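Written below as structure tokens is the structure these notes are about.
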There are 2 protein chains.
Amino acid sequence: MIKDFECVQESYARDLLREKGLKSTTQRLAVIHVLHTSGKSLSVGEIHDGVKKLLGVAGLATIYRTLDIFEDLGIVKRLHFPDGGHGYAFSRGRHFHHMVCVDCRGVFDFPECPVEWLDYASAEKQGFRVKDHFIQLFGQCDKCAEVA
Amino acid sequence: MIKDFECVQESYARDLLREKGLKSTTQRLAVIHVLHTSGKSLSVGEIHDGVKKLLGVAGLATIYRTLDIFEDLGIVKRLHFPDGGHGYAFSRGRHFHHMVCVDCRGVFDFPECPVEWLDYASAEKQGFRVKDHFIQLFGQCDKCAEVA
DNA sequence: ACTCTAATTGAAAAACATTCTCATTTGACA
DNA sequence: TGTCAAATGAGAATGTTTTTCAATTAGAGT
């Protein structure tokens, strides 16, 4: 590999990739770098632009392939917005939920998981076995609240 | 309007449309009919096929336009699947959460809202004001569990 | 029922998003 | 350093959603 973005997140990504027998390529580390330093949710196009700025060139297909891999690894989360769009954000691990600012698309960790507190009585009454869940909170971060 | 699918859901949709000054067209009622009778989450293509079967012809653009309207009205929900795909399902009202069977994409109501029980201390500590949320549970329904 | 009008529609084009193919390059390991 | 499978970039192909616009239709008022 040519470049090293030398921060904790990148070496974390490197470890996860190695565990799965995947290569730590410049492009993959650049995607992590872009996502992590932005602190917010980015569209595929924005990630592509960020990686191009970092590396000069980058194929869009590689960005898609990389995001898929990192989503499987749990290091990147796909978030959905009320307007129907979606984006990707760096995530500290598989079981983290996120709050998204609807104005700036900033992403914040939400450490509690209300679903874990839940008993699934009403689910089981319908014969349903819950195996996973997806939660996302929407709102406004303090910076965007000030401006408004 | 030409056709009437004469069931509770369609007259509910009719009322909501009238409230907003929108017309109760054959196509719109057909979308509700298809979604409601299927009892599961359908892709845009499946809804399009269902409406065509009912009406003979139907423009795809109309399906998209109709789903947007009903999503705004809260009568239809867009659901996201772990594989990255998405679909639409009939929803009894704005604040209902859903369980989705990952095998058959069947949709079941989940009446409790764990997020409502939550105090937002950890959100507020980060200066974040929660305004809305999205929850979806994944699992297996009893029919799919039997087969497997 | 009949007319009027703005809202809605279908069809095709346009715009946008994602995946695939394949020749070339690169990271990891010896 | 050399080797080789894995990964990449470029562009084609495919898939999805939105836009445009002339024709049609629902609904309100006769």
Cα pair distances of the stretch A:43-83 binned at 5 Å [whole percent]: 6, 22, 26, 23, 16, 6, 1
Intensity falloff of the stretch B:84-123 expressed as log10 I(q)/I(0), Debye formula with alpha-carbon point scatterers, at q = 0.19, 0.22, 0.29 Å⁻¹: -0.70, -0.81, -1.04
Share of pairwise Cα separations in the protein assembly as shown, more than 24 Å, in percent: 60
Spatially near lysine pairs across the stretch B:8-147, Cα under 29 Å, sequence gap of 8 or more or different chains: 20
Coil-residue chymotrypsin sites (Phe, Trp or Tyr not before Pro) of the stretch B:54-148, DSSP, other Cβ within 10 Å capped at 16: B:Phe96
Helical contribution to [θ] at 222 nm, DSSP H n ≥ 4, -39,500 (n - 2.57), averaged over chain A, rounded to 500: -13000 deg cm²/dmol
Nearest-ten-degree value, helix A:26-38 long axis tilted from longest Cα axis of chain A: 50
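Using only the C-alpha atoms of the stretch A:16-82, find the volume of their convex hull and express it per residue in Å³. Walk me through the numbers before you get to the answer.
Numbers: hull volume 5.7 nm³, N = 67.
Convex hull volume per residue, Cα atoms: 84 Å³.
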Where the Cα pairs of the stretch B:77-148 fall when distances are cut into 5 Å bins, in %: 3, 14, 22, 18, 16, 13, 8, 4, 2, 0
Peptide-level mean, for B:77-87, of C-beta atoms on other protein chains within 10 Å: 2
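How much net charge surrounds A:His48 when only other residues with a Cβ under 14 Å from its Cβ are counted (Lys, Arg +1; Asp, Glu -1)? Don't skip to the end; give the middle numbers.
Numbers: positive: A:Arg28, A:Lys52, A:Lys53, A:Arg65; negative: A:Glu46, A:Asp49.
Summing Lys/Arg as +1 and Asp/Glu as -1 gives +2.
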Positive dipole terminus of the stretch A:8-147, leading residue within A:Pro111, A:Gln126, A:Leu22 (C-beta point charges): A:Leu22
At q = 0.11, 0.14, 0.20, 0.21 Å⁻¹, base-10 log of I(q)/I(0) for chain B (Debye sum, equal scatterers on each alpha carbon): -0.49, -0.74, -1.23, -1.30
Where labels lie 7 Å past Cα in the beta-carbon direction, separation of A:Glu146 and A:Lys52 in nm: 3.3
FRET efficiency for A:Tyr12 and B:Trp117, using Cβ-Cβ distance with R0 set to 30 Å, rounded to 0.05: 0.35
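Values quoted throughout were computed directly from the atomic coordinates according to the rules given, and no laboratory measurement underlies them. What you see is a predicted model; the values in this text were computed from it and never measured. Here Cβ is always computed from backbone atoms with ideal geometry, including for glycine, and neighbour counts include all displayed protein chains.
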